[in-house]
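Below is one structure; the comments refer to it alone.
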Amino acid sequence: MTEVAASQAANVTIDIWSDVMCPWCVIGTRQLETALAALDGEIAATIRFHPFELNPDMPPEGEDQRAHIMRKYGRSSEQAADGREKLRQIAAQAGYSFDYTGTGEPPAAMMWNTRAAHKLLVHALRDLGAQAQVRLKHALFDAHFQQRRDVSDPEVLLDVAEQAGLDRAKAAAALADDELTAIVEAGERQAWDWNITGVPAMVVNGKFLIPGAQDPATYAGALRKVVARERELAARG
């Protein structure tokens, strides 16, 4: 749920810096959506996703997920597996499954370069609007975490975009658009300028930061505080 139609609802914009490779990002997104569902009629939110690459130097061939965690965080194979299982349980509690949904023997879980995926997300927001971008973001999460597809592959990205309701030809043009590359880079610079060094990071109405993946009650409470604060400031004139 990204927009709530209610005459008395307070309108907020939530800008989320996020990466398709980030399990906490999909967990945080689902938790936020649960909070917004509970706030239906009270707060109406428009969600916009912005680019953040956890591994901008990831090579085209990608990297095995467990090997990546072991290398990047200095964990043993057992620690990496335990961490993944804990994430799986947390995601399940948030209503999202990390289980493989394809057929046959599941392929290895991989980490991929996400620059092209971010270009498609920018295209969706710029040319189609926030709701289309949210649909695409969810489709990309599913493609990576559930279907284990290579979301750095242009053909995979075009398939996912088409399944999310985007025009395939326009999505292909977006992948080749240097202007979108510049927008992605600008979005990543903005994150660093705002001292956003981890994701998800949610900025409400351009000034109130909610860092990390929170539970629905925490998101709901933070949004209520933002609305109350802005109403207080408006009343002061």
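The values are calculated or read from the model by the stated rules, or taken from the named source; none is laboratory data. Please read all numbers here as calculations on a predicted model, not as lab measurements. Cβ sites come from the backbone with ideal geometry, for glycine too, and all protein chains shown count toward neighbours. The protein model used for the area step is the full one, side chains on, heavy atoms only, and it has no ligands, DNA or RNA in it. Shrake-Rupley method; radii C 1.70, N 1.55, O 1.52, S 1.80 Å.
Structure above, values below:
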quantity: Mean accessible surface per residue for the stretch 96-150, computed with a 1.4 Å probe while every protein chain stays in place, in Å²; calculated: 40
quantity: Amide H partners (placed H, <5 Å) of Met110, local residues excluded; calculated: Gln65
quantity: Pairs of Lys in the chain closer than 18 Å at Cα, counting only those 8 or more apart or on different chains; calculated: 4
quantity: Long-range amide H partners of Arg48 with built H, under 5 Å; calculated: Ile14, Asp15, Ile16
quantity: Global form of the stretch 88-237, assessed from the alpha-carbon gyration tensor, a/c cut-off 1.5; calculated: oblate
quantity: Charge sum, other residues only, whose C-beta stays under 11 Å from Pro106's C-beta, Lys/Arg counted +1 and Asp/Glu -1; calculated: -1
quantity: Ellipticity estimate at 222 nm from DSSP helix runs (n ≥ 4, -39,500 (n - 2.57)) divided over the chain, nearest 500; calculated: -17500 deg cm²/dmol
quantity: Computed label-point distance, nm, for sites Arg75 and Asp40 using a 7 Å Cα→Cβ extension; calculated: 3.6
quantity: Span-rule helices in the chain, defined as complete DSSP H runs reaching 27 Å or more along the axis (Cα) with Kyte mean at least 1.0; calculated: none
quantity: Fraction of beta bridges assigned by DSSP in the chain that are antiparallel (%, nearest 5); calculated: 55
quantity: Stretch in the chain that is longest and holds no GluC sites (Glu not before Pro) that DSSP places in a loop and that have at most 16 other beta carbons within 10 Å; calculated: 62-237
quantity: The stretch 111-181 - charge dipole about Cα centre, Lys and Arg +1 at Cβ, Asp and Glu -1, debye rounded to 20; calculated: 240
quantity: Approximate spin-label separation Ala173-Arg189, in nm, with each point projected 7 Å along Cα-to-Cβ; calculated: 2.6
quantity: Placed amide H near Leu209: partners under 5 Å, 5+ positions off or other chain; calculated: Val204
quantity: Portion, in percent, of the accessible area of the stretch 142-182 that falls on carbon or sulfur, probe 1.4 Å; calculated: 44
quantity: Net lengthening on full extension, Ala235/Ala67 (0.36 nm per residue, minus Cα-Cα); calculated: 55.0 nm
quantity: Estimated dipole of the chain in Debye, rounded to 20 [Cβ of Lys and Arg +1, of Asp and Glu -1, Cα centre]; calculated: 820
quantity: Mean Cα-pair separation over length for the stretch 50-117, i.e. relative contact order, pairs under 8 Å, 6 or more apart, %; calculated: 55
quantity: Proximal charge balance of Ala191 [Cβ under 14 Å; K/R count +1, D/E count -1]; calculated: -4
quantity: Proximal charge balance of Gly206 [Cβ under 12 Å; K/R count +1, D/E count -1]; calculated: 0
quantity: Charged-residue dipole, Cβ positions (Lys, Arg, Asp, Glu), the stretch 130-237 about Cα centre, Debye nearest 20; calculated: 820
